[in-house]
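Reviewing the structure listed below.
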Amino acid sequence: MLKLASFRNRTVMAVIVIVAIVAGLAPMGRAAAQSGTATVTCVAEDVHSSPDIYSSKVATLYQNQSVSTGGTTSAQGTTWIAVYVSGASGWVKSVCLQATSSGTSGGQASATGAYGVVNTGALNLRSGPGAQYASIFSVYRGAVLYFAGTRSADNRWVKVSLDNGVVGWVNVGYLSTGYPYWTLPVESGQVPTPTTPPSGSFATVTTGALNVRSGPGWWYSKVTSLYRGATASLLSRNADGSWVKISLSNGVAGWVNAGYITPSVGILSLPVESVSVPTTPTYPTYPTYPTYPTYPTVPTYPTYPTYPTTTCRTYHTVAAGENLFRISLAYNVSLYTLASVNGIYDTSRIYAGQRLCIP
């Protein structure tokens, strides 16, 4: 009986191990088995082990490559599609796939490919094709925006729609797309010229100290000064938006350089105020420096004559027992002249073998 019970226990443990191994081999987290095919539309796209851009990379897909697809799931603000390639399985963002057979229709891989993916941290949808239009909604990196059929004349803005029904304009520089958006028709309309500042618009000083001037330029007189963190109401701007007119709580109005403030609205949304440009100020004429007297030049000193160079008539070698006096007599030369020519300071001190110049 004990042997039978032991055999049964070993059999049960073996079954449990086999089931665990099979479960471990089965792909976890996959939405479904292979149910369709799709073509890669992005230049290159990584296949991740899970629907997370930070998960490990399983493989890399390249443009026009065909892959088998499975189910879909939503994560990190976008839709992911399960793919099967080279015996491995993983997840790819749907924006890089275009369905070629049934199975991926539930994803965001549009049959026309008329969409873009936000490639910046946050992107504003605006009411018109320009930064001067009001922001109506914000989307974030990885969000899929579907082109709504029109673009701006300069190809910098496209009209897009969201799943929640919001329609607006975005700058195409912040979208990744393989769709030729420049072929979309241009939407007619002009950039509105604002006549009044947006309600509640204000500016915050971002530098240590900022001068408020009587006109839009540094050459205008200073009215007052504001300091970092101070706020003021926005009234208008100059033509190029480099200076804005503000109003302080005490009623004082003036102009500040737009580079030293943070506005609550787009500066180009402010109305343009024309101002008369002042003439170039006339600076005072400074006195010329006095002419200092000319000092006399240094006098030219006379040139003293140079002494003639002594020429030796002959040379005499002093023998033992000779003295300078006897040698001068022998050559009929003054003793002191002979001593001077030879650099002798003591006429009594010469030595045998000394060579003397006889002038």
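Residue order for Ser56, Ser269, fewest other beta carbons within 10 angstrom first, comes to Ser56, Ser269. Computed packing ranks the peptides 328-335, 60-67 as 60-67, 328-335, most packed first, by mean other Cβ atoms within 10 Å. When the alpha-carbon atoms of the stretch 202-269 are used, the pair Rg, Dmax equals 10.4, 28 angstrom. Count Lys and Arg as plus one, Asp and Glu as minus one, and take only other residues whose Cβ is under 14 Å from that of Gly254; the net charge is then +3.
A simple spin-label model places pseudo-atoms 7 Å from Cα toward Cβ; at Asn250 and Val166 they are separated by 4.2 nm. One decimal place: the segment Thr60-Asn323 gains 83.1 nm when fully extended, by the rule 0.36 nm per residue minus the C-alpha distance.
Spacing of the modelled spin labels on Thr297 and Thr285, each 7 Å from Cα toward Cβ, amounts to 3.6 nm.
Bear in mind these aren't lab numbers, they're just calculated from the coordinates by the rules spelled out. Remember, it's a predicted structure, so these values are computed and weren't measured experimentally. Reconstructed Cβ throughout: ideal geometry from the backbone, glycine too, with neighbour counts over all protein chains shown.
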